[in-house]
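The values are calculated or read from the model by the stated rules, or taken from the named source; none is laboratory data. Everything numeric here is computed off the predicted structure, so don't read it as measured data. Neighbour counts run over all protein chains shown; Cβ positions are idealised from the backbone, glycine included.
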Amino acid sequence: MKGAVLAIDHGTKRTGFAVVDALRIASHALDPYHGPGDDAQLVEHIAKLLDERDVRLFLVGLPVNMDGSEGPRAADVRAFATRLAERFPRIPVRLWNETLTTKAAEELLREAGHHGRDARARRDSWSALVLLRDWIESGEPA
């Protein structure tokens, strides 16, 4: 049975979130988490997000270089994905290539009229939204 998907753009200072409903109709960016990516409070923040919705999959952006190799932050993201899987064992974690999601998010923010500090504050969660939309458009591969 399908449920909501929580997309996560893991960062060292901020982590962005986006969600789509079970029917894949309504997707939207959520407020980002401000704090270190290895902070235990980040996982507790995610637990609160799960209390508010029926999430059946975590979609975590994996930093991949343009040549397909993993970026330097990939090890941190993989460690974060492992922490998610350990803390929430009933929710699968899917890593997804996040190449160019930040650039696409910045373009979307400009088109939506967000600039400067306002755009920077939203960028991480809008990157998660782009990640989520890319995954849905690709047919939601397992």
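Observations on the structure shown:
- Here GLY37 qualifies as buried (at least 17 other Cβ atoms within 10 Å of the Cβ) and assigned to a loop (DSSP other than H, G, I, E, B).
- Residue pairs whose Cβ atoms lie under 7 Å apart, sitting 6 or more positions apart in sequence or on different chains, and linking a residue in the stretch 41-55 that is touching a residue at least 12 places away in the same chain (Cβ under 8 Å) and among the aliphatic types (A, V, I, L, M) to a partner that is surrounded by fewer than 16 Cβ atoms within 10 Å (Cβ to Cβ) and outside any helix (DSSP H, G or I), are VAL55/GLY3.
- Taking the stretch 1-13 as the range and being over 19 Å from ALA142 (Cα atoms) and modelled with pLDDT of 95 or more as the test, only HIS10 passes.
- Taking the stretch 68-139 and the helices (runs of 4 or more DSSP H) fully enclosed by it, the elements with 2 or more residues that are in contact with a Pro (Cβ under 8 Å, 6 or more places away or on another chain) and surrounded by 18 or more Cβ atoms within 10 Å (Cβ to Cβ) are at 116-137.
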